[in-house]
Amino acid sequence: MKLLMIYCSRFSYQPQIKTLEEFPDHTEGKVFENALIAFIHAEEQDEEDMKKVETKMVKNLKWAAKKNNTTHVILHSFAHLSETKASPQFTKELFDKVEARMINANYQCEQTPFGYFLDIDVQAPGVSQARIFKSF
């Protein structure tokens, strides 16, 4: 698992190209303010133990959100951080489980459209805890 977390004063996306036909269609973009954006790359070996990866991801997201004084977390599939990739079905299931756990822990958690290339706009402050990378 590769997890790049960026605290953003503003983050927006607009769906452009659908790459995975089996996932829902999206045409509308969205704008978020004061949110932690998690750029997530699930790797092939993560499929061996979803629960372990899920727990570590939730722990890291909560920690980074706390460090940046936010309870709003956005999960974004970003399969460009490693050589291997988990299957899209595994990755989407992992995102859904993490989102549910974050919501149950009183965080506002959302996902960007899965299976799309998105136009994104990232406005991130230049502070030390605004950019955190974890590999597990």
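A few notes on this one:
- Within the shell of other residues whose beta carbon sits under 14 angstrom from the beta carbon of E44, the net charge comes to -4, with Lys and Arg scored +1 and Asp and Glu -1.
- Note on the range 2-135: antiparallel DSSP beta bridges, both residues inside, total approximately 75 percent of the bridges counted.
- Charge context of Y7, other residues only, Cβ under 9 angstrom, K/R +1, D/E -1: +2
- Put simply, the amide H of H72, placed in the peptide plane, has neighbours under 5 Å in L36, Q108, leaving out anything fewer than 5 places away on its chain.
- Cβ-defined net charge surrounding P125, 14 Å radius [Lys, Arg +1; Asp, Glu -1]: +2
- Structure-based [θ]222 nm, the chain - -39500 (n - 2.57) summed over DSSP H runs of at least 4, per residue, nearest 500: -8500 deg cm²/dmol
- Computed extension length for S82-R10: 23.3 nm, one decimal, from 0.36 nm per residue of separation with the Cα-Cα distance subtracted.
- Evaluated with a Cβ-only charge set (Lys, Arg +1; Asp, Glu -1), the chain carries a dipole of roughly 800 debye about its Cα centre, given to the nearest 20.
- Our coupling estimate for the range 128-136, obtained by passing each phi through the Karplus curve with A = 6.51, B = -1.76, C = 1.60 and θ = phi - 60°, is 4, 8, 6, 9, 9, 10, 10, 10, 8 Hz, Gly and Pro reported as x.
- Karplus-derived HN-Hα couplings along the range 69-79 (A = 6.51, B = -1.76, C = 1.60, θ = phi - 60°), whole Hz, x at Gly and Pro: 6, 9, 10, 9, 10, 10, 9, 10, 6, 9, 7
- Sequence-separation-based contact order of the chain, relative, with Cα cut under 8 Å and 6+ spacing, percent: 42 percent
- For the range 2-135, the C-alpha radius of gyration divided by 2.2 N^0.38 Å, with N the number of residues, is 0.99.
Where a number appears in this text, it was derived from the coordinates with a stated rule and is not lab data. Values in this document were obtained by computation on a predicted structure and should not be read as measured data. Ideal geometry is used to build each Cβ from the backbone, glycine not excepted, and the neighbour counts take in all protein chains shown.
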